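Input: a single structure, listed below in structure tokens.
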Amino acid sequence: MDTEGPCYDPNRKELLKNWQEVDIAMSKLFSLNFRNKFKDSFNGTIKFGWFFLNWTGFKENPRRRDLGYHKIRDYYLKKYSKEMLDFKDEQCWHYHHPHKSKIANQWGFDWKTSNEYENIISRQIIDRNWFPVSFRAGGTIMHKQLSEWVDQWFPIDFSNRSPIKCPEMDWSDGIMSWKPYKPSKINFKKKGFSKRYLARSVDLNSRVYKIQDKDIYQAFNEVRDNELSVISVFDHDYRDIENSIINFLKRFVEISKEYKNIKWEFSTPQNVFKSLNKNYKIEVKTKLNSNIFNIYTSLEIYQNQPWVCAKLKNGEIVNLTKKIKKISNKKWSINLEKNKDLFKIIAVALTDRNFTPYITKHFF
């Protein structure tokens, strides 16, 4: 679910224009009756990855978005945190890069025009103690710079929309398979040796595309090769999509009966890719020696280095990641120079190789 909150558009009456309308639609998806309507091969129930967006970095708001850091995620957690926990949903991250126009309905392609992505992640760590594992690009807009950046920090990426071609992004020459792959560092639409898993997700039912029976058959046929097959659909919370989901899952369940030897499971993005090493639990420690801030981990992590950010005594939040010096695969340091008296909190965020996030905070 690309979780973006209300969207007002006088030309598209089907879009939910305020939180009251969004609540009515989303409460259906959080009902016990809906979640139990279909069961997988292991008697599991429907699950969602909620890809939360921050409407920040914008100045004009023609669609009446709920602008501000944490606004969307905070709203959902206040209303549905218990249901998300009970149903074992996942909290994920969705990002729309601001266009140079700063209009909150136009998406940017130039990664150099804004560092809002860094601001958002640092604030989520400092303010909300949250470092997501799964990512989806806004508008499924992916380019080489973004691909390289995502690969540094997030092990799971559901941005592949092949073979759909939209004005914002052309996935027609991408990998049209339900088998997740590790993308090439040169061309993310090809297989290669990047670190993250890039998985495909197509429109549940939009003006651009609607998931079809052939897509479901493809998923079952691909798993015959004894490889992981992950069929994924997406939509937005500013649409009432209960019936669309039910219609899709009805077809899915019917088609699954033709493949009696294949088991299938509802899953969140993170649980799809969790390694088999269930005991991969690391310790993260920090120590301040004079002006040198040291970070230690007991085992190697997913990232080449942790994400490090800080809250200053004046309330400003800063990203310290570019100041990190790598000592080894399990030790890093940052020279705070003569500025350590300015700091209130330094936070360290990372993901282990079992795709579990960790956050450690050092208070001054």
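Entry note, the chain: the mean residue ellipticity at 222 nm calculated from DSSP H runs of n ≥ 4, each adding -39500 (n - 2.57), is -7000 deg cm²/dmol after division by the residues and rounding to the nearest 500. Using alpha-carbon positions, what is the distance between the centroids of the stretch 74-134 and the stretch 198-251, in Å? Measuring centre to centre over Cα atoms gives 24 Å. Kirkwood radius, the stretch 1-82, all distinct C-alpha pairs, inverse of mean reciprocal distance: 14.3 Å. Computed extension length for K71-Q152: 26.6 nm, one decimal, from 0.36 nm per residue of separation with the Cα-Cα distance subtracted.
Of R12, R200, R123, the sequence from fewest to most neighbouring Cβ atoms within 10 angstrom is R12, R123, R200. Other residues lying with their Cβ under 12 Å from the Cβ of H94 contribute a combined charge of -2, Lys and Arg counting +1, Asp and Glu -1. Helix 144-153 axis versus longest C-alpha principal axis of the chain: approximately 70°, rounded to the nearest ten.
Residues I292, I245, I121, arranged from fewest to most other Cβ atoms within 10 angstrom of their Cβ, appear as I292, I245, I121. With the simple spin-label model, which puts each label point 7 Å out from Cα in the Cβ direction, the S41 to K257 separation comes to 1.7 nm. Maximal additional length on extending the K179-N339 stretch stands at 52.8 nm, based on 0.36 nm per residue less the C-alpha distance. By the beta-carbon count within 10 Å of each Cβ, the least crowded to most crowded order of F293, F30, fewest first, is F30, F293.
Applying 1/(1 + (r/R0)^6) with R0 = 41 Å to the Cβ-Cβ distance of E21 and S290, what FRET efficiency is obtained, to the nearest 0.05? Using R0 = 41 Å, I get an efficiency of 0.15. Among the chymotrypsin sites (Phe, Trp or Tyr not before Pro) in the stretch 227-274, those located in a DSSP loop and surrounded by at most 16 other Cβ atoms within 10 Å of their own Cβ are Y259.
Length gained on full extension, L228 to V208: 4.5 nm, using 0.36 nm per residue less the C-alpha separation.
Summing +1 for each Lys or Arg and -1 for each Asp or Glu among the other residues whose beta-carbon sits under 14 angstrom from that of F34 gives +1.
Quick note: the coordinates plus some simple rules give every number you see, no bench work behind them. This one's a predicted model, so the numbers in the text were calculated from it and none came from an experiment. Cβ coordinates were reconstructed from backbone atoms using ideal geometry, including for glycine residues, and neighbour counts include every protein chain displayed.
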